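Below: the structure, in structure tokens.
Nothing in this text is a laboratory measurement; each read-out follows from the coordinates by a stated rule. Computed from a prediction, not measured in an experiment: that's the story for all the values here. A quick note on method: Cβ atoms are made from the backbone with ideal geometry, for glycine too, and the neighbour counts reach across all protein chains shown.
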Amino acid sequence: MRITRDLKKRRFWAKLSTQTFAAFGLLSAGAGVTDALIPGSLAPVGGFLLIAVAIASVIYGLIRAWPRPVQQSYSSPSTEIYITEGDLFGQDGHVVIGMTDTFDTAIPHIIDQNSVQAQLLKRAYLGDTQRLDDDLNKALEGKPSAGAFQPADSKPGKQNRYQLGTVAVLEPAIRKLYFCVAYTKMNKRNEARATVDGIWRCLNSLWDEVRARSNGEPVSMGVIGGGQARISQHLPPQDAVRLTAMSFMFASREERVTSRLNIVVRPEVARDLDMLELQAFLKSLRPS
């Protein structure tokens, strides 16, 4: 369980100790002032009072340090960020899907069958690859091209490339949009690659599209940079979550993007995240 994992974190015990000693100090100071103003008044209950102050301090420390859902509300701009463990496709509102610059869809020969994109095909398009390709082609009409592979490249799958940060907005169901953003480059061997700088620029393009199309409704996305992006050694999940949250807040300060961003973490990834540290990071993003 997530709470069990958080209780093992150093940050939890540090906060528990700090809050407990702070409460103990405040209550002890109050008792000292009372004894100074009314000498001897606390003598009959001195031992009991010490125990009560200690218990109350520990309870206060637990209340303040106990792990809570990782979320932060912001007043300027009016928006929220949630970091939650669960199913990306089970969230309310719209969904962000990471794709390559070729928008390949062939599963499993090109696209990993365990990827978010594979889940898009299965759950939003019921396995209908042709319908997904038709919707992608329609959404990509007029988008700037970045060239195409040559016949000598012998690349399987799609040949046309689009600029990194290109967003194809799909609507296979009413009132639920899928923002398919190209944040990795595909080579002729169908190996996808990404860079931290490229991801940052792609996120900026994504927020522009979300701002224009989401109508302010919540948007959910997974942890970027893992899987076929082959960048996890440079951008581990903890840093990827922070990068996403920071990019979203910077864009929101320019102009509100949406009412809430959900960063949805798979259970196997959540085990390695320090949720208490992420909560502190979200809090630090509030305007000073």
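Each Lys or Arg adds one and each Asp or Glu subtracts one; over the other residues with Cβ under 10 Å from the Cβ of Phe149, this totals +3. Residue-normalised convex hull volume from the C-alpha trace of the stretch 70-284: 117 Å³ per residue.
For the stretch 70-284, the number of Lys pairs separated by eight or more positions or lying on different chains, with C-alpha atoms closer than 28 Å, is 23.
With each label modelled as a point 7 angstrom along the Cα→C-beta vector, the Ala148-Ile59 pair spans 7.3 nm. What does the net charge come to around Thr166 if you take all other residues with beta carbon closer than 9 Å to its beta carbon, with K and R at +1 and D and E at -1? With Lys, Arg at +1 and Asp, Glu at -1, the net is 0. For the stretch 86-120, the residues whose backbone nitrogen is under 18 Å from a point 7 Å from the Cα of Ala173, taken along Cα to Cβ, are 86-98, 116-120. A Förster radius of 35 Å combined with the Cβ-Cβ distance from Ser28 to Ser259 puts the calculated FRET efficiency at roughly 0.20. Measuring nothing but how far apart in sequence close Cα pairs (under 8 Å, 6+ apart) lie, relative to its length, the stretch 70-284 scores a relative contact order of 29 percent. Per-residue 3J(HN,Hα) values for the stretch 118-132, derived from phi via the Karplus relation 6.51 cos²θ - 1.76 cosθ + 1.60 with θ = phi - 60°, read 5, 5, 4, 4, 6, 9, 9, 10, 6, x, 7, 5, 4, 5, 4 Hz in sequence order (x marks Gly and Pro).
Protection proxy ranking of 178-186, 119-127, by the mean of other Cβ atoms within 10 Å over each peptide's residues and highest first, is 178-186, 119-127. Per-residue extension of 0.36 nm, minus the Cα-Cα distance of Lys188 and Ser75, leaves a gain of 36.0 nm for this segment. A cut-off under 14 angstrom between Cβ atoms defines the neighbours of Asn204, and their net charge, with Lys, Arg +1 and Asp, Glu -1, is -2.
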